[in-house]
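What follows is one structure encoded as structure tokens, with my remarks underneath.
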Amino acid sequence: MSQQMAYFEGKFVPIEDANLNVMTHAFNYGSAVFEGIRGNWNPAHEELYLFKVREHIDRLVQSARILRMNGTYDADEISNLVVELARRCDYKEDMYIRPMVYKSGLDIGPAIHSVEDKLLIYVRPLGDYLDPNAGATVMTSSWRRVDDTSIPARAKVSGLYVNNGLATSEAKQNGMTEAIMLNQDGHVSEGAGENLVMIRNGVLISPPQSDNILEGITLDTALFLASEKLNLPVERRTIDRSELYIADELFMTGTAAHVTPVTEVDRVPVGDGQPGVVSRKLQKLFFDAITGELTEYESWLIPVYGE
Ligand code: PMP
């Protein structure tokens, strides 16, 4: 029987018992950093594969460093806790793991350097975040992406996600699937929960790390697969909004969203308005990789039950 559990204050507990004091710094000031890790269920293998756990935990530790977290967070130890928690939950479906390091102090005041911090991890079932087949319709948000001079977007900071939330709600309330955010310079940064890739003349192009994006693990994987398996050139460079209207293909990448083709930007169809050929090929390759169907990439996966 599956059970939703958390790792909280040093123990594995049922999710109902993982509760925070209302005075917690992270709750008052958004001072937590987090990750999302996918567990992908393969019914034929009867196996749950966790994707790139170590990469996610390395990014968590980097985010914690940017937020001046003081605790010592050992990436191997946290990775082991993630796998152990997943095993204890016993899910036989697609799921999602959320490790967080949060400022657990109870004092008033926003300073972050002198506040105690702790690790927590929770798990939940999670099916498709975006419809993988329909193709996403997106709009350029009127909300600009936070700048590295305000809140660094390369750190996955809880409070920063108010920026993403404003953009997501604007898009959804306007009948779109997702928002694309421009940075303070007016260049394309990323989706509200995904990185963005544009294809023009057979080249895959994505904004550089310095354009206020999260340094996406799915993005890295998709660009790697494009280069290795499809022999396509890959480029990181600044993208203008108007280029999105003349792109041959667009797709978004993210732990929750996987590889999702974009079919419309600001009501302008992308290409012929259908999910692009390369986007769909990459989507399939990525899906096969994360579900353990591509043995050459099994080092990306941790099988939860079969180890
Ligand atoms: N950008 C933002 C703002 C995100 O929240 C996410 C999801 N983590 C991504 C990009 C994609 O990153 P990743 O592929 O590492 O999940």
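The values are calculated or read from the model by the stated rules, or taken from the named source; none is laboratory data. Note that this is a predicted model, so its numbers are computed, not measured. Because the Cβ atoms are built from the backbone with ideal geometry, glycine has one as well, and the counts that use them run over all protein chains shown.
A few remarks follow.
- Restricting attention to the stretch 211-237 and to residues that are among the small types (Gly, Ala, Ser) and free of Cβ contacts under 8 Å to residues at least 40 places away in the same chain, the residue that is farthest from the ligand (Cβ to nearest atom) turns out to be SER227.
- Among the candidates LEU214, LEU294, the residue that is of a type in the set (A, V, I, L, M, F, W, C), closer than 30 Å to ARG88 by Cβ, out of contact with any strand residue (DSSP E or B) (no Cβ under 8 Å at 6 or more places or on another chain) and surrounded by 14 or more Cβ atoms within 10 Å (Cβ to Cβ) is uniquely LEU294.
- Condition met for ALA18 (over 30 Å from ASP107 (Cβ atoms), more than 16 Å from the ligand (Cβ to nearest atom), aliphatic (A, V, I, L, M) and out of contact with any helix residue (DSSP H, G or I) (no Cβ under 8 Å at 6 or more places or on another chain)): no
- Condition met for LEU219 (in contact with a strand residue (DSSP E or B) (Cβ under 7 Å, 6 or more places away or on another chain) and not in a loop (DSSP other than H, G, I, E, B)): yes
- Residue match in the stretch 160-170 (condition: under 18 Å from PRO261 (Cβ atoms), outside the structural domain of LYS52 (by TED's automatic domain parsing) and either out of contact with any helix residue (DSSP H, G or I) (no Cβ under 9 Å at 6 or more places or on another chain) or surrounded by 15 or more Cβ atoms within 10 Å (Cβ to Cβ) (or both)): no
- Test for GLY202: is it at pLDDT 95 or above and either over 18 Å from the mean Cα position of the chain (by Cα) or over 23 Å from ASP58 (Cα atoms) (or both): yes
- All positions within the stretch 238-282 that are over 13 Å from ALA134 (Cα atoms), within 16 Å of the ligand (Cβ to nearest atom) and in a loop (DSSP other than H, G, I, E, B): ILE239, THR255, ALA256
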